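Notes follow the structure.
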Amino acid sequence: MEAVTFGVLGAVTAGRGPDVLALKGPRHRAVLARLILARRRVVPVARLVDDLWEAPPPRAVGAVRTFVGDLRRALEPDRPPRAPARLLVTEGPGYALRAAPDAVDAWRFEAAVTEADRLPAAQAPERLRAALGEWRGPAYAEFGTEDWARGERSRLTELRLRAVERRAELLVELGRAAEAVPDLDAHLTEHPWREESWRLLALALYRTGRQADALAVLRRARALLAGRLGIDPGPRLRRLEAGILAQDPDLDPPGEPADAAARLWTRTTEAYDRTVAAGARARLESTVGLLRGLAVTGGGGLEAAREHRMTAIQAAEETGDAELTARVIGAYDVPANWTRGDDPELARRIVAAAERTLAALPEDPTADTARCRLLATVALESRGVRSPRGPRAAAEAEEIARRLDDPALLAFALNGVFMQSCTRAGLAPRRDAIGAELTALGVRHGLVNHEVLGHLIRLQARAALADLTAADAHARAVDRLAERHERPLVGVFTAWYRALREAVSAGASDASASTSDASSGASGGCHDSAEAAYRSAAARLDGAGMPGLERGLLPLALLGLRLARGRPAQVDPRADWGPYRPWAEPFALLAEGRDTEARGALRALSEPPPDLLYEALCCAEAAAALDLGDRPALRRTYDRLLPAAGELAGAGSGLLTFGPVDAWLAAIRRALDA
């Protein structure tokens, strides 16, 4: 049985593996929290009674024993009757929790902070980042008013604040100052009295070439300290301000930033402090806006935005202000046109935070905008997950946005609707309508990012519907917008579309060669040019910051290219097939002559995920079923593909194709009729 673990960096919890243990009522959790706080030492029953009640009831001691008994049954459910407890033990006048040193998140956090102090400077920031990731909210959250918890809560909070500042200090010293900016600004939102954080933020900004912004931060710090506390900045802040004004060489970075994200951050955040002067909470919201701007630059910027987004959400949740948290979560309305996420675990955590915030919002029409943005976030971050919640959230967000008649809100909601529009085959017309509305909204209301998104969605949808002339027009339009508004990620998608176009042309050439008895060399050349186009497009994904798009895409595209030409599948089992490996496995086993295992792998396939490659994966399954003569799989894939009759399989991705759906349906019918 897995060991029990405990959490106090947030609400007090106990768990075994992925399962959360039921701890009954608040006094049970209070007993557990009090024992964790004692750090394996004995807590006398009399002390527990005093801590649990201001005026203990007559049978308080018996109640404590009942609480302990219930906790023991939850923590050690398999302990035989009358066998001594091993975890929550009775000793002398009271009880002790003999948890392992790594079983409590607060203990792990402290150990990690201590370890970071001993590590080389280059390794310490990552260790501190992982340590800070243990926090889920305020320490001993539900016992914030209890005298027995107050000292430990303060100690852990101070340790956390110092860890944030130490990590930022290390990043600045290592020439990675841009990475420190969002964490420091979120940190100062809730802890504006920490002069060292103001100093580090100003220094980080200066070292990324933002001298004016650094001075503005120092002015903000001075105004806050004088206005709220009636004191002047300390000597370190004053010396830094003088050094910046004098452009002191000692303040220069240790070397050129090595991370491209640092350069991107510098370029995309010129007006940062001008947008966030309204106060601490506004600065937290503006941090998300800053990350949103960074995300559309792609590459290191997109990765940095993902890394810091959850930090801002956690900082907002720690305030206990549901409406602020809703604004922070919902402000990240970065348009997305790929229906598979880059970081599934991060997406899961964001969805969980959005759902918690939805539950905490007041049932009041004034909260409808926040509710809509949270629902749209759930829809977007649930992309590629087969669950009724995503489509339901998308529909609710769209209904609210249309009722409020807010164009920007509707654009965000429609992005969520698009993400949930791949639940089955044949939905390209629906996506085309979504793209058309997004394009119109973008043009009418100056929503450039959503205008770009609309064209990309329509490119995908028209390609699926085999209307490549219209798809070409959308590709040209989106390239023009990307050049005009500096949207480098767009070129990744249009490069893949051009490869798809080449693949379709190769298919037409093959058909023409077959009809006119043309030489096999001509069609083979077209096939080679399509493969080269795919490989060239794949090279553009390197460093683009989109692992959810990149992983497995090239081998899947090459498989589709061969199958669409009627050629035998050639699957390299050593290639990175990413999430598509289950659909490649039957072909790899067939190539090794392991037909029985190939049949087992085919039958183990689940329905493809609800994303833009749904039809492509159905065709891959159909191809394996045709090779194996597996009639149940053929019937299954026929039924799934039939709604997409007349389309180009996989072209709804705008990236690749497995050829006409009608050709696959005909091949399946022939096999079933044989």
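Checking residue 155 against (1) in a helix (DSSP H, G or I); (2) more than 30 Å from residue 49 (Cα to Cα); (3) free of Cβ contacts under 8 Å to residues at least 40 places away in the same chain, which single condition isn't satisfied?
Condition not satisfied by residue 155: (2).
From the set of residues in region 410-443 that are among the β-branched types (Val, Ile, Thr) and touching a residue at least 12 places away in the same chain (Cβ under 8 Å), which is surrounded by the fewest Cβ atoms within 10 Å (Cβ to Cβ)?
Only one residue tops the list, namely 423.
In this structure, does residue 155 turn out to be open to solvent by 20 Å² or more (accessible area, probe 1.4 Å), of a type outside the set (A, V, I, L, M), modelled with pLDDT of 90 or more and touching a Phe, Trp or Tyr at 6+ places or on another chain (Cβ under 7 Å)?
no
I'd like the full set of residues that are part of a helix (DSSP H, G or I), touching a residue at least 12 places away in the same chain (Cβ under 8 Å) and farther than 26 Å from residue 27 by Cβ, limited to region 118-142. Can you show your working first?
Step one: filter region 118-142 for residues part of a helix (DSSP H, G or I), giving 118, 124-132, 141-142.
This time we only want the ones that are touching a residue at least 12 places away in the same chain (Cβ under 8 Å), so: 124-125, 127-132, 141-142.
Once the filter is applied, which keeps residues that are part of a helix (DSSP H, G or I), touching a residue at least 12 places away in the same chain (Cβ under 8 Å) and farther than 26 Å from residue 27 by Cβ, region 118-142 yields 124, 125, 127, 128, 129, 130, 131, 132.
Kindly establish whether residue 13 is touching a residue at least 60 places away in the same chain (Cβ under 8 Å) and either more than 17 Å from residue 92 (Cα to Cα) or in contact with a helix residue (DSSP H, G or I) (Cβ under 7 Å, 6 or more places away or on another chain) (or both).
Working: touching a residue at least 60 places away in the same chain (Cβ under 8 Å): no; either more than 17 Å from residue 92 (Cα to Cα) or in contact with a helix residue (DSSP H, G or I) (Cβ under 7 Å, 6 or more places away or on another chain) (or both): yes.
So residue 13 does not fit the description; no.
Inspect all residues belonging to region 581-588 and state whether any of them is at pLDDT below 95, within 27 Å of residue 495 (Cβ to Cβ) and not in a loop (DSSP other than H, G, I, E, B).
There is no residue in region 581-588 that is at pLDDT below 95, within 27 Å of residue 495 (Cβ to Cβ) and not in a loop (DSSP other than H, G, I, E, B).
Could you list, in sequence order, all residues of region 419-450 that are in a helix (DSSP H, G or I) and basic (Lys, Arg)?
Residues satisfying the conditions are 430, 431, 444.
For residues that are over 17 Å from the mean Cα position of the chain (by Cα) and either open to solvent by 60 Å² or more (accessible area, probe 1.4 Å) or over 16 Å from residue 397 (Cβ atoms) (or both), tally how many sit in region 349-360.
Total satisfying the criteria: 2.
Could you please give the count of residues in region 628-649 that are under 22 Å from residue 588 (Cβ atoms) and in contact with a Ser or Thr (Cβ under 7 Å, 6 or more places away or on another chain)?
Looking only at that region, the number is 1.
Filter region 174-226 down to the residues that are open to solvent by 10 Å² or more (accessible area, probe 1.4 Å) and polar (S, T, N, Q), then identify the one that is farthest from the chain's Cα centre (by Cα).
The extreme case among them is 211.
Of all residues in region 471-505, which are over 20 Å from residue 550 (Cα atoms) and open to solvent by 30 Å² or more (accessible area, probe 1.4 Å)?
472, 473, 476, 479, 480, 483, 484, 485, 486, 504, 505
Name the single residue, out of those in region 131-148 being of a type in the set (A, V, I, L, M) and modelled with pLDDT of 90 or more, that is most open to solvent (accessible area, probe 1.4 Å).
The extreme case among them is 132.
Could you run through region 44-60 and say how many residues are open to solvent by less than 50 Å² (accessible area, probe 1.4 Å) and either β-branched (Val, Ile, Thr) or part of a helix (DSSP H, G or I) (or both)?
Selection size over region 44-60: 6.
Looking only at region 622-635, how many residues end up being closer than 19 Å to residue 592 by Cβ and open to solvent by less than 10 Å² (accessible area, probe 1.4 Å)? If you could, list the steps in order and put the result at the bottom.
Going through region 622-635, the residues closer than 19 Å to residue 592 by Cβ turn out to be 623-630.
So of that shortlist, the ones also open to solvent by less than 10 Å² (accessible area, probe 1.4 Å) come out as 623-625, 630.
Looking only at that region, the number is 4.
Could you tell me which numbered condition residue 649 fails, if it satisfies all but one of (1) open to solvent by 10 Å² or more (accessible area, probe 1.4 Å); (2) touching a strand residue (DSSP E or B) at 6+ places or on another chain (Cβ under 7 Å)?
In the conditions (1) open to solvent by 10 Å² or more (accessible area, probe 1.4 Å); (2) touching a strand residue (DSSP E or B) at 6+ places or on another chain (Cβ under 7 Å), residue 649 misses (1) alone.
Hey, any hits in region 84-105 for a residue that's part of a helix (DSSP H, G or I) and under 22 Å from residue 151 (Cα atoms)?
yes
Specify which of the listed residues (41, 29) is under 10 Å from residue 96 (Cα atoms) and either out of contact with any Gly (no Cβ under 7 Å at 6 or more places or on another chain) or open to solvent by less than 30 Å² (accessible area, probe 1.4 Å) (or both).
Details: 29 fails: under 10 Å from residue 96 (Cα atoms).
Just one listed residue meets the conditions, 41.
Within region 563-580, can you find the residues that are basic (Lys, Arg) and surrounded by 18 or more Cβ atoms within 10 Å (Cβ to Cβ)?
565 - this is the single residue of region 563-580 that is basic (Lys, Arg) and surrounded by 18 or more Cβ atoms within 10 Å (Cβ to Cβ).
Table: residues versus (1) open to solvent by 10 Å² or more (accessible area, probe 1.4 Å); (2) in a helix (DSSP H, G or I); (3) aromatic (Phe, Trp, Tyr); (4) touching a Leu at 6+ places or on another chain (Cβ under 8 Å).
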residue	(1), (2), (3), (4)
362	yes, no, no, no
366	yes, yes, no, no
372	no, yes, no, yes
379	no, yes, no, no
386	yes, no, no, no
403	yes, yes, no, no
408	yes, yes, no, yes
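Based on this model, can you work out whether residue 602 counts as more than 29 Å from residue 501 (Cα to Cα), in a helix (DSSP H, G or I), open to solvent by less than 10 Å² (accessible area, probe 1.4 Å) and not basic (Lys, Arg)?
So residue 602 passes the test.
Taking the criterion of being of a type outside the set (Asp, Glu), more than 25 Å from residue 435 (Cα to Cα) and at pLDDT below 95, would at least one residue in region 477-493 satisfy it?
Filtering region 477-493 down to residues of a type outside the set (Asp, Glu) leaves 477-478, 480-482, 484-485, 487-493.
When the remaining residues are screened for being more than 25 Å from residue 435 (Cα to Cα), the result is none.
Checking region 477-493: not a single residue is of a type outside the set (Asp, Glu), more than 25 Å from residue 435 (Cα to Cα) and at pLDDT below 95.
Could you check residue 352 against (1) in contact with a helix residue (DSSP H, G or I) (Cβ under 9 Å, 6 or more places away or on another chain); (2) assigned to a helix (DSSP H, G or I); (3) closer than 24 Å to residue 183 by Cα and say which number it fails?
Unmet for residue 352, out of (1) in contact with a helix residue (DSSP H, G or I) (Cβ under 9 Å, 6 or more places away or on another chain); (2) assigned to a helix (DSSP H, G or I); (3) closer than 24 Å to residue 183 by Cα: (1).
The values are calculated or read from the model by the stated rules, or taken from the named source; none is laboratory data. Given the structure is predicted, the values throughout are model-derived calculations rather than measurements. We place every Cβ from the backbone using ideal geometry, glycine too, and count neighbours over all the protein chains shown. All accessible areas refer to the heavy atoms of the entire protein, side chains included, with ligands and DNA or RNA removed. Shrake-Rupley method; radii C 1.70, N 1.55, O 1.52, S 1.80 Å.
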